[in-house]
Every structure is written in structure tokens, then in C-alpha cells.
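Participant: Following this message is one structure expressed as C-alpha cells.
The values are calculated or read from the model by the stated rules, or taken from the named source; none is laboratory data. Everything numeric in this text was worked out from a predicted model, so none of it was measured. FYI the Cβ positions are ideal-geometry reconstructions off the backbone, even for glycines, and counts take in every protein chain you see. Ligands, DNA and RNA are excluded from the accessible area calculation, which covers all protein heavy atoms including side chains. Shrake-Rupley method; radii C 1.70, N 1.55, O 1.52, S 1.80 Å.
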Amino acid sequence: MVTSDTVNVEIEHGEWWWGGAAADGTLMPFGRETSHHRDLARNAGLVNDPADASNQSAPVLISSHGRVIASDQPFTFTIEDGQLRAEGTGVQTATADVATLRGAYREAVRRFMPASGRTPAPELFEGPQYNTWIELPYTPTQQGVLDYARRILAAGFPPGVLMIDDLWAADYGDWRFEAGRFPDPRAMVDELHRLGFRVMVWVVPFISPDNAVYRALERRDLLLRGADGEIVVRRWWNGWSAVLDLTFAPACDWWADTLRALQAETGVDGFKFDAGDLRDYRDDDQGRGGIGRIAQTAAYARFGEQFAFNEFRASWRAGGLGLAQRLHDKPPTWDAAGLGSLIPEGIAQSLTGHAFNCPDMIGGGDLAQFEPGAAVDVEQFVRYAQCAALFPMMQFSLNPARVLDEEALAAVKAAVALRQALVPEILALVAHAARTGEPILRPLAYHDPGTEQVTDQFLLGKDVLVAPVLERGATHRQVVLPHGRWAPLGTGMPDGQVVEVTGDPVTLTLDVTLASLPAWRRIHG
């Protein structure tokens, strides 16, 4: 292992790199022809728009030739003219004993992102998740939430974790149910539990300025201050708010006590921890336990791990922690911003240590694209559901029975049924990830060198290969199968046709219909 503030690496012929920011997933793997620059200290969103697509990030780069570049601190990296240059504090390089992508990943886990031994609640994996965000945007009510849950069950979907999104609470920072819209939250949660759901509610580390909670926290000096020593009030997507200083233990204790009091009073099981993005902070923020934006975002993830029912969309160097990590809000499109981003960004999450990953809400979670009366692209919704079904987690918001016709609804139900049949395997992979840090969703190259350029398929563990249909109007799907014997597993596929690949990977052309979710199981022995 070599440590330096500047690292220059020549990218070898046939070598491919992953890492840095999940938002760069569609640009990965990086190779000799790549031109790219990323400042991990300030931006976890799109390179040219930090306010968009913010997700997980980590100071870790790994290559298909077993090489690792990493640090405990953020660094910038640039790829140009076949060279990879990383600049920061204490940037380290290492080479794994096994010169493969898996070897590099395991070396990175050992040195920089060890598994915590913890997992999110198993219920987050055992069935689909349901979120009110698109179905009840900014309008959740006690009756609306109950009606949503009952309609999901009436449509023939299994219960799962139900997340009540923004505007359930009295105010930002006042984490009690708003009494006018939720007259009896305990009765609501009890009924949802009776129906088989577990319940999470949305929270952020923001405090509306000059309300009673703000004034109490100001007196206790629990709010973040800027370089001028004054309490900061920051602009975010829902207005202006003060910010809890989550590097300060008494602030964390106050929030944990507040959330646990809500759990005790209402029966809520856990929390969707939104915001906390690098963009929400400044380099000179004066956290009591650390200066700058990295300190706050990292502290937020550590805070959330104490709640087994959790979800994060943004985090810094949280690889190995027991956190459910969702991709950012997607538009309801087919391109590399929407459906086409799910697999490459999911792989990027996995290879930066975020094993417990979830795609965005099925059909897309970008609320601005779902104005009242907007049409739903039925085919895109189905293909999105099929792609999400064999991720470690899947999440609905729009009720499929409300927006789909009979054929499309049957295709989505078949994808969910396939997932439910694989839940025992998924849970075993979850436990394995907690012990070893190995990802659940993996690129083909993780086990089969020579497939680095396959970015529209993935492996669930080692032995389930998934190749969802991702193109509008497709009647055929080309699928790469690596070495091994492969039995069909997916929906809408011919039965019993085992494919044996004895040498290099082969490409098959498969006939597909709307019902098709191509997947295979690797047969051993």
C-alpha cells in the first residue's frame, strides 16, 4: 500500500474502473477512452448540476485488474488520455492478491469500508415497499393512507413496508402527526400492522426557523452554525430551514429521543431519512464534532443506523453500514436519466459498498413529472417493475391497479411473484453482505472477467442472472451469458431450455413479450 496526496495511474489495456459517486453510474466503467472529473468533497449529484441526482458517494475506486485507490478523506479524480489522477489527503493505492474486480472490491472492504455486521430490517426485503410520495403527493391523510394500503391488498399485492412521505408532520422538526389530517395515528398504525404492513415516516434534519422547536434547540445550542458563528438557515427544496448539528452528540440524542417518543406513542416502525446531501452544507460549517459538509453528511448516516427500519437517498462513505440506500428520484422515461440508469447506478452503489440498495419508486419518483392528469407510460411502468423486482429491494408508489390495464397488471404481478419466491435467497445474501461486505446486486464482471462492458444486466448474488427488457416496444432482447450452465428462471421465458456455455461468454437473442423478465439460474454440479 502506498499513500500520497497525489496519485497518477496509467489505466491498463483492458482495465476498467468503478467508484466515486453513484450518480456517475451510467458513465461506468471508466476506461482508457474515458474523459471525466469528479470532486468528491463537494458534489454527489450530476457532475454539471450538484442539485440534481444526488446519491451515495465514497472515496473509493476499484478496477477489474485488482487495483484500488481510496482514502479516509474526500479527493478529486480526473480521467483523461488514459490516465487516472487522484488528488486529496492521504490517498492510498493498493493491489489485491487476486487481480480481478472482486479481488479489488474485497481489498477495498478490508481496508476502507468494513462490514458493520448490521442490516436494515428484514421486512424491507421480504416484500415490496410502498411509498405515498407519488400516489398522495404532499397530501397524506390518515384515511388516504389506509385507503392506499387496502387498495394495494385488494389488487392482489403482498403487504410490505409502507412509507408515509412528506407533510405528515406538524412542521419540519416538530415530528408529531398533524392532528387535523391524522386525528388518531395510533389507530392508523395499528390497523396497518393488522393488515400486514410495517410503517415508516419521512424525516429530514431540518428545523423550520422560529417555531417552538427551533427556539428550544437554539437555547440548547444544538443547531449548526456557519463561519460567522450564527445559526445557519439554508434553502432546500421545501423552503428555508435551520439544520441540526449531527456531529454533536447532544443534538443526536435530542433527535433520537424525539423519534423514539413518536414510535412509543404511535407504533411507527422507522424512518425514511431524506436530505442530508453534501449540497445542503458548506465547507466552513462549524459542526461541534467536525468542520464542513463531509462531517455532517457522514454523521447523518451513522445516526440513522440505530433504526433498523431506515432508508437513505444520500450518504457519504457509508459503505458497510446497515442502511437501506435508494437511488434518487427518477423521471418516468426510458433513457439514461430514467429506466436506463437503474442497473448501472445500482452497480455503482454496490461497488462503493452500499449493499442494501433499492431503485427509485417504480415508474419514477420525480414528482414534477406527475402533474394531475398526466398519463402514465404503461409499458415503461411494467419494465421498471420487472427491473426493480430482483434488486435487493423494490418500491412502489403509484398503485399498479389504478394505472395499469389487465395485461400490464398481470405482468407486474408475475414479476413480484418471482421476487417473493426468491426472498429466502435474498435474505441469505443480506446476511452474507452484513458479514463480508460483499454486494447483493453485482455486475457480471464481479464473477466473470471479460464481461465488464455489460451494464444492462446484473447478478443477484453469484448465480441468478437478470436481463430485464429496457427498450420501448422491444420484441427481442440480447443477453450475455458467461461460462456455466444456465437454466431459465424468469417470467415469460421458455421452460426447461438449459444453456451451457463452455468458453467465452455468448450472446443470445431472446424473443420477448410484455410479460418477459429474462433471468437464469447458474446450475452447479
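Participant: Given region 387-474 reduced to its alpha-carbon atoms as identical point scatterers, what log10 I(q)/I(0) does the Debye formula return at q = 0.20 Å⁻¹?
Facilitator: Result of the Debye calculation: -1.03.
Participant: At 222 nm, what value in deg cm²/dmol follows for the chain if DSSP H runs of at least 4 each add -39500 (n - 2.57) and the sum is divided by all its residues, to the nearest 500? All intermediate terms of the calculation are to be shown ahead of the outcome.
Facilitator: On the way: 13 runs with 137 residues, N = 525.
Dividing the helical sum by the residues of the chain leaves -8000 deg cm²/dmol.
Participant: Follow-up. Checking a compactness column here: for region 323-366, what do you get for Rg(Cα) / (2.2 N^0.38 Å), N being the number of residues?
Facilitator: On the way: Rg = 10.0 Å, N = 44, 2.2 N^0.38 = 9.3 Å.
Dividing the Cα Rg of region 323-366 by 2.2 N^0.38 Å gives 1.08.
Participant: If you average 1/r across every pair of different Cα atoms in region 115-223 and take the reciprocal, what Kirkwood value do you get, in Å?
Facilitator: Working: mean 1/r = 0.0648 Å⁻¹.
Result for region 115-223 stands at 15.4 Å.
Participant: Give me the percent of accessible area attributable to carbon and sulfur for region 83-146, probe 1.4 angstrom. List each step's numbers first, then the result.
Facilitator: Details: 1160 of 2520 Å².
C and S atoms contribute 46 percent here.
Participant: Given H placed on each backbone N at 1.01 Å, which residues far from S315 in sequence or on other chains put an amide H within less than 5 Å of it?
Facilitator: For S315, whose amide H was placed from the backbone, the distant partners under 5 Å are Q56, S57.
Participant: Please enumerate, by chain and number, the lysines with C-alpha under 24 Å from the C-alpha of K272, excluding those fewer than 8 residues away in the same chain.
Facilitator: Reachable lysines: K330.
Participant: How many angstrom lie between the C-alpha centres of region 395-471 and region 497-525?
Facilitator: Between the Cα centres of region 395-471 and region 497-525 lies a distance of 15 Å.
Participant: Which one, G319, Y300, T266, projects farthest toward the positive side of the charge dipole computed for region 241-336 from Cβ point charges (K/R +1, D/E -1)?
Facilitator: Final value for the positive-end residue is G319.
Participant: Given bins 10 angstrom wide, list per bin the percent of all Cα-Cα distances in region 314-447, short to long.
Facilitator: Taking every Cα pair in region 314-447, the percentages come to 12, 41, 33, 12, 1.
Participant: While we're here: Provide the packing ranking of 185-196, 124-135, i.e. peptides ordered by the mean count of other C-beta atoms within 10 Å per residue, highest first.
Facilitator: On the way: 185-196: 16.9, 124-135: 23.8.
Descending mean neighbour count gives 124-135, 185-196.
Participant: What whole-number value in Å² describes the accessible area per residue of region 366-494 for a 1.4 Å probe? Spell out each step's value before the answer.
Facilitator: On the way: 4560 Å² over 129 residues.
I get 35 Å² per residue for region 366-494.
Participant: Using each residue's phi in region 21-36, evaluate 6.51 cos²θ - 1.76 cosθ + 1.60 at θ = phi - 60° and report the 3J(HN,Hα) Karplus result to the nearest Hz, with x for Gly and Pro.
Facilitator: Going residue by residue, I get 10, 4, 5, 8, x, 6, 8, 8, x, 7, x, 5, 8, 6, 10, 7 Hz, with x marking Gly and Pro.
Participant: Among rounded, prolate and oblate, which fits region 96-140 when a ≥ b ≥ c are the square roots of the eigenvalues of its C-alpha gyration tensor, a/c under 1.5 means rounded, and a/b larger than b/c means prolate? Could the numbers behind the result be given before it?
Facilitator: On the way: a/c = 3.55, a/b = 2.89, b/c = 1.23.
Prolate.
Participant: Sort 459-472, 322-335 by the packing proxy (mean of other Cβ within 10 Å over each peptide's residues), most packed first. Before the final figure, lay out the partial values.
Facilitator: Values: 459-472: 20.9, 322-335: 22.4.
Ranked by mean Cβ neighbours within 10 Å, highest first: 322-335, 459-472.
Participant: Using modelled amide H (1.01 Å from N, peptide plane; none on Pro or chain starts), what sits under 5 Å from the amide H of F75, excluding residues fewer than 5 places away?
Facilitator: L40, A41
Participant: Same structure again: Taking the C-alpha atoms of the chain, how large are the radius of gyration and the largest Cα-Cα span, Dmax, in Å?
Facilitator: For the chain, the Cα-based Rg and Dmax read 22.6, 70 Å.
Participant: Ok, one more. Any idea what diffusion coefficient region 105-174 gets from Stokes-Einstein, in µm²/s, Kirkwood Rh on alpha carbon pairs, 25 °C, 0.890 mPa s? Please list the in-between numbers first.
Facilitator: On the way: Rh = 14.9 Å.
Roughly 165 µm²/s, to the nearest whole number.
Participant: Okay, moving on. Quick one: compute the contact order of the chain, relative version, from alpha carbon pairs under 8 angstrom and 6+ residues apart, as a percent.
Facilitator: 14
Participant: Moving on. Which order do the peptides 311-319, 31-39, 64-72 come out in when sorted by mean C-beta neighbours inside 10 angstrom, highest first? Working shown, then result.
Facilitator: Details: 311-319: 25.9, 31-39: 15.7, 64-72: 22.2.
The peptides rank, most packed first, as 311-319, 64-72, 31-39.
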